Amino acid sequence: VSEFGQNGATAGRDGQTGAALNPGGVATPICSPVDLRIAVTDGVDHAAPDSEVSYLITVYNDGPYTAIAAPVNGALTPRADFVDWSCTVDPGPQGSAAGVGCSPARGISNVNTQVTLPPGAQARIVVRAILASDRSGPMTYAASVAAASTQQDVDSSNNSASDTTQVGPEADLLVEALVAPSPTKSGQSL
């Protein structure tokens, strides 16, 4: 049969290139490995009600390939009265690479963005939470990052992080010292 010239099978169809599967135009091998990790901190253990708490979420790409459109999500539990966030990227040793950044770069409420990071780069997401005046108890910010579906994260054990802050009244102490008599003469009781 002439239709089955290759050992009894028909000829296959041409495949797609990595560029056709990545319309953003960034040349990336399919299933290119990355090593993403994330950290969350607010730098304090305690916060007062009716105050502002800022969290820093840092996403790192330890390589070996550029992480393209890696989803980053984060949420505060329990929710605050108002939460907003902004994202910036330090491109690392490769300098300014095409397409590096956060999309979107700002938001309100929960963090929901995608980051494109070359190896050695990091994204910094600053989350600002304004607490209600009646807030008390523990408050936890949890965040996670994942490789995009066309990539593989070689170590997913460090793809989530959280930070807990205790919210409650803070003491407002005042110490005052009085000197009597004032002015005092040399040799006089004070």
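The values are calculated or read from the model by the stated rules, or taken from the named source; none is laboratory data. Since we're looking at a predicted model, the values are computed, not measured. For neighbour counting, all protein chains shown are included, and Cβ atoms are generated from backbone atoms with ideal geometry for every residue, glycine included. Quick note on the areas: whole protein, heavy atoms, side chains included, nothing else; ligands and nucleic acids left out. Shrake-Rupley method; radii C 1.70, N 1.55, O 1.52, S 1.80 Å.
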Is it the case that some residue within the range 24-47 is modelled with pLDDT of 95 or more, open to solvent by less than 70 Å² (accessible area, probe 1.4 Å) and either more than 23 Å from A148 (Cβ to Cβ) or of a type in the set (D, E, K, R) (or both)? yes
Condition first: among the aromatic types (F, W, Y) and open to solvent by 30 Å² or more (accessible area, probe 1.4 Å). Can you find one or more residues in the range 58-81 that meet it? yes
Looking at P78, P91, which one is more than 13 Å from the chain's Cα centre (by Cα) and in contact (Cβ under 8 Å) with a residue 40 or more places away in the chain? P78
Looking at the range 91-110, which of its residues are under 30 Å from R135 (Cα atoms) and open to solvent by less than 40 Å² (accessible area, probe 1.4 Å)? G107, S109
Among the residues of the range 119-156, which ones are more than 16 Å from the chain's Cα centre (by Cα) and farther than 30 Å from S51 by Cβ? P119, S149, T150, Q151, Q152, D153, V154, D155
So which of T113, T88 is surrounded by 18 or more Cβ atoms within 10 Å (Cβ to Cβ) and in a strand (DSSP E or B)? T113
If a residue has to be among the acidic types (D, E) and either open to solvent by less than 50 Å² (accessible area, probe 1.4 Å) or under 22 Å from L56 (Cα atoms) (or both) to count, how many in the range 131-154 make the cut? 1
When (1) within 24 Å of D35 (Cα to Cα); (2) open to solvent by 30 Å² or more (accessible area, probe 1.4 Å) are applied to T164, the one that fails is (1)
